[in-house]
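The next block holds one structure in the form of structure tokens; read it before the comments.
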Amino acid sequence: MLTIEIRAKPGKFQELYQTLQALLPTIRREGECEDCRIYRDVEDGEIFFLSADWKDRRNLENYMRSNSGSALLGALDLLGETVSVKINNHAPSGIEALKRMRR
């Protein structure tokens, strides 16, 4: 299970939302992703959560090395002010955890 919490940069909320929506079908198709959804924080509307349930960690790592995984990382870097990543309910870390999977 991958959970990414993203706070949009000022003025980038709509662009971040549209980008995440555009990536959803590709994420769902690739690498044994069993479920993928976007949620918006009801108390702080500038925060999104991307939740993806993968068959296993290897499939997540393969996805992160794909073009779609690269697009996701690019969107997070470009449009996200803060990003917190949680993999399999381990303590949250930064986007570097996903970037390391690309190696």
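Since every read-out is calculated from the coordinates, none of them should be taken as a lab result. Note that the structure is predicted; figures quoted are calculated from it, not measured. All Cβ positions, even for glycine, are placed from backbone atoms using ideal geometry, and neighbour counts span all protein chains on display.
Using 0.36 nm per residue and subtracting the Cα-Cα separation, the extra length available between residue 77 and residue 28 on full extension is 15.5 nm.
What you get for the chain, charging only the Cβ of Lys and Arg (+1) and of Asp and Glu (-1), is a dipole of about 440 debye around the Cα centre. Count the net charge of all other residues whose Cβ sits under 11 Å from the Cβ of residue 70, scoring Lys and Arg as +1 and Asp and Glu as -1. With Lys, Arg at +1 and Asp, Glu at -1, the net is +2.
Answer with a single label: of [x] 11, 27, 32, 23, 6, 2, 1, 0; [y] 14, 48, 30, 8; [z] 16, 54, 27, 2, which was calculated as P(r) over Cα pairs in 10 Å bins from 0, in percent from the structure in view? Step by step, P(r) over Cα pairs in 10 Å bins from 0, in percent for this structure corresponds to label [z].
Counting Lys and Arg as +1 and Asp and Glu as -1 over every other residue whose Cβ lies under 14 Å from the Cβ of residue 28, the net charge comes to -2.
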